[in-house]
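Take a look at the structure below.
The values are calculated or read from the model by the stated rules, or taken from the named source; none is laboratory data. This one's a predicted model, so the numbers in the text were calculated from it and none came from an experiment. Note that we place each Cβ from the backbone using ideal geometry, even for glycine, and neighbour counts take in every protein chain shown.
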Amino acid sequence: MRLAVFVVDGVADFGLSAVLEAFDMADALRTEMERPPAEWTIHTVSLGSSVHSARGHIIPTTPLSELSGQPIDTMIIPAVNVLGAEALVDLVSDAANAPVLDQLRGARLGGVHLAAACTGTYFLAEAGVLDGSPATTSWWLGPSFRRRYPRVQLDESRILCHGNRVTTAGAVLSHLDLALSLIHRASPDLAERASRFLTMGNRTTQSQFIVPEVMARGNPLIAAFERWVREHISDQFLIATAARELGVTERSLQRAVRADLAMSPKDFADDIRLERAVYLLRATTLTVDAIASEVGYLSGGALRALIRRRRGLSVAEIRGVRAAR
């Protein structure tokens with residue numbers, strides 16, 4: 001099985017290392033299996049003979065042109081160390097990276113399985129290979145990604161997303177999830193063993209890491225709504241009331257939040273309440289009923305149900321994080 005890890009200048013050191021280390025671990029463990037999968041041949045490739053990582057390290061690479069005629073099963077694009085959405089769009093759409101996009105399109109047409117994590121997903125989206133496919137990306141990039149690539153079926157709450165010959169993963173640490181998912185395609189047993197040696201748990205969602213304030217930044221109306229909710233977080237308000245006080249119609253608010261965040265204003269308000277509730281659960285000894293009142297719910301039962309529905313956790317599990325520190 002031949003894998004190409006396609007890197008560009010500014011590649012994130014952790015992301016690249018995580019992918020390579022995961023496959024190194026799997027290769028070391030496969031020798032202990034009774035029926036091991038075929039070994040991987042991994043090439044770190046670029047358009048030239050080297051790239052500079054985000055921390056300035058020179059990474060020797062195999063020019064992609066030298067692999068022509070040698071079939072590649074999977075091509076992985078690690079993250080680049082660019083956090084801001086505008087700067088990331090500028091990078092992937094820059095004329096200097098047009099050959100990178102051409103290579104990705106060519107690989108797609110050639111039947112190569114494409115995979116990317118974190119900011120690397122923007123290269124796949126810019127190349128058009130995610131059009132019509134389910135995908136994920138770093139949670140804070142969701143609004144920008146959705147506006148620029150409306151043909152992609154984005155769900156930034158997910159850690160991993162599988163489409164037709166394409167796999168995407170979420171933020172930074174998700175490089176490990178991405179690599180393990182690709183190992184799983186060859187051998188579920190080997191992927192399970194590697195995950196244990198890497199002490200990687202079964203993570204399926206980015207939801208618990210999302211910061212509503214950051215998600216709202218790209219749209220002035222949503223940012224104003226986010227601030228308004230925080231100011232009225234203990235109240236049981238109507239979305240219509242919030243819209244009126246913000247000087248817009250409820251429909252305009254619904255449309256703006258839905259377009260950028262793919263959720264309703266009520267769901268976004270619930271996320272803001274939930275973020276505060278989780279903080280209080282971990283930082284205080286207040287009862288669940290008291291915290292529910294603090295964040296605008298009539299009962300602790302309603303808050304427990306929201307936590308279970310949105311985080312997949314119990315109150316005890318959330319408070320257990322505090323106890324374990």
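Let's see how each residue does on (1) closer than 21 Å to Ala87 by Cβ; (2) part of a loop (DSSP other than H, G, I, E, B):
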residue	(1), (2)
Phe23	no, no
Glu32	no, yes
Arg55	yes, yes
Ile59	no, no
### Query
Looking at (1) over 20 Å from Asp13 (Cβ atoms); (2) in a helix (DSSP H, G or I); (3) not polar (S, T, N, Q), which is the one condition that is false for Tyr122?
(1)
### Options Arg304, Arg308, Arg273; residue that is loosely packed, with under 15 Cβ neighbours inside 10 Å, basic (Lys, Arg) and closer than 29 Å to Ser138 by Cα
Arg308
### Message
If I ask for residues that are over 17 Å from Leu16 (Cβ atoms) and either surrounded by 20 or more Cβ atoms within 10 Å (Cβ to Cβ) or of a type in the set (Gly, Ala, Ser) (or both), which ones from the range 182-202 would you list?
### Response
Ala186, Ser187, Leu190, Ala191, Ala194, Ser195, Gly201
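Identify, please: which residue in the range 110-129 is in contact (Cβ under 8 Å) with a residue 40 or more places away in the chain and of a type outside the set (A, V, I, L, M, F, W, C) and is, among those, nearest to Val172 (Cα to Cα)?
First pass over the range 110-129, keeping only residues in contact (Cβ under 8 Å) with a residue 40 or more places away in the chain: 111-121, 123-124.
Subset that is of a type outside the set (A, V, I, L, M, F, W, C): 111, 113, 119-121.
On the way: Gly111: 27, His113: 21, Thr119: 9, Gly120: 10, Thr121: 12 Å.
Ranking the candidates gives Thr119 first.
Quick grid of which residues meet (1) touching a strand residue (DSSP E or B) at 6+ places or on another chain (Cβ under 6 Å); (2) without any contact (Cβ under 8 Å) to a residue 60 or more places away in the chain:
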{"site": "Leu3", "(1), (2)": "yes, no"}
{"site": "Ala26", "(1), (2)": "no, no"}
{"site": "Thr41", "(1), (2)": "yes, yes"}
{"site": "Pro60", "(1), (2)": "yes, yes"}
{"site": "Gly69", "(1), (2)": "no, yes"}
{"site": "Val82", "(1), (2)": "no, no"}
{"site": "Val89", "(1), (2)": "no, yes"}
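Conditions tested, residue by residue: (1) outside any helix (DSSP H, G or I); (2) modelled with pLDDT of 95 or more; (3) touching a Ser or Thr at 6+ places or on another chain (Cβ under 9 Å).
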{"residue": "Val248", "(1), (2), (3)": "yes, yes, no"}
{"residue": "Gln254", "(1), (2), (3)": "no, yes, yes"}
{"residue": "Ile272", "(1), (2), (3)": "no, no, no"}
{"residue": "Val278", "(1), (2), (3)": "no, no, no"}
{"residue": "Ile291", "(1), (2), (3)": "no, yes, yes"}
{"residue": "Tyr297", "(1), (2), (3)": "yes, no, no"}
{"residue": "Ala305", "(1), (2), (3)": "no, no, no"}
{"residue": "Ala316", "(1), (2), (3)": "no, no, no"}
### Message
Going residue by residue through the range 163-170, is there one that turns out to be in contact with a Phe, Trp or Tyr (Cβ under 9 Å, 6 or more places away or on another chain) and among the β-branched types (Val, Ile, Thr)?
### Response
no
